[in-house]
Amino acid sequence: IFVDADDSAGVDLGCSLALRHGVPVTIVTNGGVRVPDHPLIGREIVSDAFDAADDFIASRAGTSAIVITADILLADRCLKGGAAVIAPTGKPFTTSSIGAAIAMRAIMADIR
């Protein structure tokens, strides 16, 4: 499981899943995120370059990966790599739902 640490709810969900199901979780951040001290919970610190955490996750998110992120564009990249992707709320992103989510993101950007 890879967690995009941009959202603290995602970090909480990832840590909870690791402890509840005994699976390793990697929290990907460019720093400043505290994670519990537990052998199943790792932290990968990437540079603060634009999309460095997203690039790290997407490059490793294959068919056996689960990705937790609120970032719709990262979710799309991971789905294309074959990973399962869920939002920090627990709602799954799917290949059939991601297009509408990307379109809504674009509409909201235009409104702003």
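The values are calculated or read from the model by the stated rules, or taken from the named source; none is laboratory data. Keep in mind the model is a prediction, meaning the values are calculated, not measured. Don't worry about glycine lacking a Cβ; one is built from the backbone with ideal geometry, like all the others, and counts go over all protein chains shown. Note: accessible area is taken over every heavy atom of the protein model, side chains too, but ligands, DNA and RNA are not part of it. Shrake-Rupley method; radii C 1.70, N 1.55, O 1.52, S 1.80 Å.
Out of all the residues in segment 13-22, is one or more buried (at least 16 other Cβ atoms within 10 Å of the Cβ) and within 20 Å of Ile72 (Cβ to Cβ)?
Checking segment 13-22: at least one residue is buried (at least 16 other Cβ atoms within 10 Å of the Cβ) and within 20 Å of Ile72 (Cβ to Cβ).
Tell me, which residue of segment 74-102 that is assigned to a helix (DSSP H, G or I) and surrounded by 15 or more Cβ atoms within 10 Å (Cβ to Cβ) is modelled with the lowest pLDDT? So the residue we want is Ala101.
Of the set (1) closer than 16 Å to Thr26 by Cβ; (2) open to solvent by 30 Å² or more (accessible area, probe 1.4 Å); (3) more than 11 Å from the chain's Cα centre (by Cα), all apply to Gly62 but (2).
Among the residues of segment 24-45, which ones are hydrophobic (A, V, I, L, M, F, W, C) and assigned to a loop (DSSP other than H, G, I, E, B)?
Quick first cut of segment 24-45, residues hydrophobic (A, V, I, L, M, F, W, C) only: 25, 27-28, 33, 35, 40-41, 45.
Listed by number, the residues that qualify are Val33, Val35, Leu40.
Consider Asp51 against the criteria (1) at negative phi; (2) surrounded by 11 or more Cβ atoms within 10 Å (Cβ to Cβ): it satisfies all of them except one. Which criterion is unmet? It fails just one condition, (1).
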